[in-house]
């Protein structure tokens, strides 16, 4: 699957990024994954300002190169790993927090993968787009004038034989 064809690149505003990370209780020692990392802002803020270890997945060559440049400029190569690949192919089982700004249709396609790979208690923070069959633990509105954004916070439940039912 070519991710670039499924979701346009639209950066998450910095105040929204910060609130996403706060709502997910990101701190030193937290492992944050960003699927479709774009320009790397979630990775950089998570590592630099929250002390997290960050893993970005970005398939688009130009955006991946930009992220690598920003990581080097910020001196964060020891805190951030970039994987140049389709995020449907990348194992996310080490994530404590998964940050997303995708489309609801892509979230829906990700559901089985996340149910299979994420550990119980892992948090998913999704900017503007919910997971249709899941019930969020929290929904918060964030104003970034002139726009209002929604953040959906999900927590992976204990593993069950038949997957997660809302």
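Laboratory data are not the source of any read-out in this text; all were calculated from the coordinates shown. Just so it is clear, the model here is predicted, and its values are computed rather than measured. No Cβ is skipped: glycine too gets one built from the backbone with ideal geometry, and neighbour counts run over all protein chains shown.
Give just the number: which of (1) free of Cβ contacts under 8 Å to residues at least 60 places away in the same chain; (2) over 18 Å from residue 10 (Cβ atoms); (3) under 16 Å from the mean Cα position of the chain (by Cα); (4) part of a loop (DSSP other than H, G, I, E, B) does residue 120 not satisfy?
Tallying (1) free of Cβ contacts under 8 Å to residues at least 60 places away in the same chain; (2) over 18 Å from residue 10 (Cβ atoms); (3) under 16 Å from the mean Cα position of the chain (by Cα); (4) part of a loop (DSSP other than H, G, I, E, B), residue 120 fails exactly one: (3).
Looking only at segment 43-62, which residues are assigned to a helix (DSSP H, G or I) and farther than 20 Å from residue 9 by Cα?
47, 48, 49, 50
Of the conditions (1) assigned to a strand (DSSP E or B); (2) within 13 Å of the chain's Cα centre (by Cα), residue 110 fails just one. Which one is it?
Unmet for residue 110, out of (1) assigned to a strand (DSSP E or B); (2) within 13 Å of the chain's Cα centre (by Cα): (1).
Kindly indicate which of 125, 92 is assigned to a loop (DSSP other than H, G, I, E, B) and touching a helix residue (DSSP H, G or I) at 6+ places or on another chain (Cβ under 7 Å).
Among 125, 92, only 92 is assigned to a loop (DSSP other than H, G, I, E, B) and touching a helix residue (DSSP H, G or I) at 6+ places or on another chain (Cβ under 7 Å).
Hey, can you tell me all the residues within segment 19-35 that are surrounded by fewer than 22 Cβ atoms within 10 Å (Cβ to Cβ) and either assigned to a loop (DSSP other than H, G, I, E, B) or touching a strand residue (DSSP E or B) at 6+ places or on another chain (Cβ under 9 Å) (or both)?
Across segment 19-35, the qualifying residues are 19, 23, 25, 27, 28, 29, 30, 31.
Given the condition farther than 18 Å from residue 149 by Cβ, out of contact with any helix residue (DSSP H, G or I) (no Cβ under 7 Å at 6 or more places or on another chain), surrounded by fewer than 17 Cβ atoms within 10 Å (Cβ to Cβ) and in contact (Cβ under 8 Å) with a residue 60 or more places away in the chain, answer yes or no: does some residue in segment 1-16 qualify?
So far as segment 1-16 goes, yes, one or more of its residues are farther than 18 Å from residue 149 by Cβ, out of contact with any helix residue (DSSP H, G or I) (no Cβ under 7 Å at 6 or more places or on another chain), surrounded by fewer than 17 Cβ atoms within 10 Å (Cβ to Cβ) and in contact (Cβ under 8 Å) with a residue 60 or more places away in the chain.
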